[in-house]
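Each remark here refers to the structure printed beneath this line.
The values are calculated or read from the model by the stated rules, or taken from the named source; none is laboratory data. Quick caveat, the model's predicted, so the values are computed rather than measured. Every residue, glycine among them, receives a Cβ derived from its backbone with ideal geometry; neighbour counts consider all protein chains shown.
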Amino acid sequence: MKGSEPRGHDKSHRDRQIEEVGHDPYHARSKPAEPAVCPQCGVVYHKGRWQRAARPAKATEHLCPACHRINDRAPAGYVTLAGAYMDAHGEDVLRLVRNEESREAQDHPLQRIMGIENREGVVTVTTTDLHLARRIGDALHGAFHGELVIKYSPDEYLVRVYWTR
Ligand SMILES: [Zn+2]
């Protein structure tokens, strides 16, 4: 692992990587007739994108990509958090993780945390979207420093983020 690289200064490189990963197959499967509403979470599909809005009068029901991933238990992002600092200040770290989700929830309603699991001190946060996982990693690195490693899978829409301190 190249954990010693100053990843915080490597943004343009990472953005290019995210483009190379391509499009989320769950989005491709999820192009309903407009207007549509997700029966599970209530987001509305309008003008080609899923967004938070009032339910339109004649909306058809169509599962949104985020709920589809949640139902399939198929995360697009895995954020693994570990280390002595994490052990001692896990609550602070997870508060920042949650903040990162809620900060852009209005504009990006499909970027959600699916779950937070703690297995013997290693916490894994799963997300419905690559961008949220990467943003969480950047936010943790910006706030708490430590080591950040981001790995995209070349063949699937998936990112693994490792933050240790
Ligand atoms: Zn939904």
Out of curiosity, is ASP107 within 15 Å of the ligand (Cβ to nearest atom) and of a type outside the set (A, V, I, L, M, F, W, C)? no
Please determine, by comparing only the residues of region 42-87 that are of a type in the set (S, T, N, Q) and outside the structural domain of THR124 (by TED's automatic domain parsing), which one is surrounded by the most Cβ atoms within 10 Å (Cβ to Cβ). GLN51
Given the conditions (1) more than 16 Å from the ligand (Cβ to nearest atom); (2) surrounded by fewer than 19 Cβ atoms within 10 Å (Cβ to Cβ); (3) within 12 Å of the chain's Cα centre (by Cα), and given that VAL97 satisfies all but one, which numbered condition is not satisfied? (2)
Taking GLY115 as meeting all but one of (1) assigned to a strand (DSSP E or B); (2) over 19 Å from PRO65 (Cβ atoms), write down the number of the exception. (2)
Those residues of region 118-147 which are part of a strand (DSSP E or B), crowded, with 23+ Cβ neighbours inside 10 Å and in contact with a Gly (Cβ under 6 Å, 6 or more places away or on another chain), in sequence order: THR127
Hits in region 36-61 - residues which are within 30 Å of THR124 (Cα to Cα), assigned to a loop (DSSP other than H, G, I, E, B) and either aromatic (Phe, Trp, Tyr) or modelled with pLDDT under 95 (or both): ARG52
Take ARG55 and tell me if it is within 15 Å of the ligand (Cβ to nearest atom) and touching a Gly at 6+ places or on another chain (Cβ under 8 Å). yes
What number goes with the only condition from (1) over 23 Å from CYS41 (Cβ atoms); (2) under 18 Å from the mean Cα position of the chain (by Cα) that TYR78 does not pass? (1)
What's the number of the only condition in (1) over 22 Å from GLU156 (Cα atoms); (2) touching a residue at least 24 places away in the same chain (Cβ under 8 Å); (3) away from the ligand (no atom under 12 Å from the Cβ); (4) assigned to a loop (DSSP other than H, G, I, E, B) that PRO32 fails to meet? (3)
Can you spot a residue in region 13-21 that is modelled with pLDDT under 95, surrounded by 10 or more Cβ atoms within 10 Å (Cβ to Cβ) and near the ligand (Cβ under 10 Å from one of its atoms)? no
